[in-house]
Amino acid sequence: MSVHSLALDAEDSPPRKIQKLIAEIPSTLKYVSLDREFLTDVSTANFAVLKGLDKKDIFKALKDLPELSQKYRHLKRVNDEKHLLIAPNGLFDIEELQSKLTQRYGSNVEIYYKEVSEIPSELRLHFEKANTFWPVKFVENAENEKLYWNRCISDSDVEKYYYLLKSIGEEKNGCIIYDSKLDKILVKTFDNSNIPLSHAVMNAAKEMAALNEAERYHASECDIILSHEPCVMCAMALNHMRANRVFFHQSDSQNGAFTRIKLHRVWTSCHRYNVLKIDF
């Protein structure tokens, strides 16, 4: 399917406007957010459960039992069969509790054990799995769903940032600083293997500083497109430059700041940018 791509003006000095050309987008193209990791498998805890209560006695029995700890507040106390969640296995003397409940509610009540979800659900996918064990509470978070299902950017941006990446070139290690509001490439740089630490990001930082635009602080509100995953030094430089989002294509399993160290998740500075990997 033909779509519009992005290319640079012939003039090589920033700022450069983006032009559109006809080109093809690979069918395998996807943007993977590295900002969060979500659990989709359900880990379980073994709980004591009470069955055999008359419907009228459920509320009374709940008052007889201790509240669930904060760790298990995501669990509902009563399921559709009107069975009542008591507590994690081992927390009480079950024989003593069974005797007490039998005396109060009759010989039909019985305690049994059941696996339930150990942690709260952050995704609907996890919630639906957890619910098969025991009913859980869940409030859907649209941002979490977007991150997990890789819907964190608009359809128009899917095309735009792919072609920005491709404009760097196949064999080069490059960096683009793009102002999405102005629809302009402000800086495009490459690394210099002949000079130690002359990485593409560091060279871009120098060029941004040279622009000396009084109305902005370095790359604030700009997106960064990288051919390669940055090292720790460059990732920190991007944070200092107040980048909005950072896109990169090729991972670096040895020195990568995002895939290996996950630096963007642990720093405590006042600024934090989003990280997306462009795969195709």
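Just a few scattered comments:
- Label point 7 Å beyond Cα of Glu115 along Cβ direction - residues of region 28-68 with amide nitrogen under 13 Å: 41-47
- Potential lengthening of the chain between Glu67 and Thr44 amounts to 6.4 nm, from the contour at 0.36 nm per residue minus the alpha-carbon distance.
- Over region 18-115, Cα pairs under 8 Å with separation of 6+ residues give a relative contact order of 41 percent.
- Length-normalised contact order of the chain in % [C-alpha pairs under 8 Å, at least 6 apart]: 21 percent
- Restricting region 146-205 to GluC sites (Glu not before Pro) in coil, as DSSP defines it, with at most 16 other Cβ within 10 Å: Glu170, Glu171
- Whole-number accessible area per residue in Å² for region 195-280, which is evaluated in the context of all protein chains at 1.4 Å: 48 Å²
- Computed over the Cα atoms of region 54-210, the ratio of the radius of gyration to the Kirkwood radius (Rg/Rh) comes to 1.35.
- One chain, two ends: Phe92 and Glu207. Fully extended at 0.36 nm per residue, the span grows by 34.7 nm beyond their Cα-Cα distance.
- Cα coordinate range in the chain, projected on the principal axes (Å, largest first): 88, 41, 36
- Heavy-atom accessible surface of the chain: percent carbon and sulfur, 1.4 Å: 50 percent
- The value of relative contact order for region 240-280, using C-alpha pairs under 8 Å at least six residues apart, is 53 percent.
- Loop-located chymotrypsin sites (Phe, Trp or Tyr not before Pro) in region 137-228, at most 14 other Cβ atoms within 10 Å (DSSP): Trp149, Tyr217
- Low-density loop cleavage sites - trypsin sites (Lys or Arg not before Pro) in region 89-160, where at most 15 other Cβ are within 10 Å (DSSP): Lys137, Arg151
- Largest first and in whole Å, the equivalent-ellipsoid semi-axes of region 142-280 read 21, 18, 17, each the square root of five times a Cα gyration tensor eigenvalue.
- To the nearest ten degrees, helix 94-105 and the longest principal axis of the Cα atoms of the chain are 60 degrees apart.
- Residue-averaged [θ]222 nm for the chain, counting only DSSP H segments that reach four residues, each worth -39500 (n - 2.57): -7000 deg cm²/dmol
The values are calculated or read from the model by the stated rules, or taken from the named source; none is laboratory data. Predicted model only: the values in this text are computed from it and were never measured. For neighbour counting, all protein chains shown are included, and Cβ atoms are generated from backbone atoms with ideal geometry for every residue, glycine included. Ligands, DNA and RNA are stripped out before the accessible areas are found, and what is left, the full protein with its side chains, is counted by its heavy atoms. Shrake-Rupley method; radii C 1.70, N 1.55, O 1.52, S 1.80 Å.
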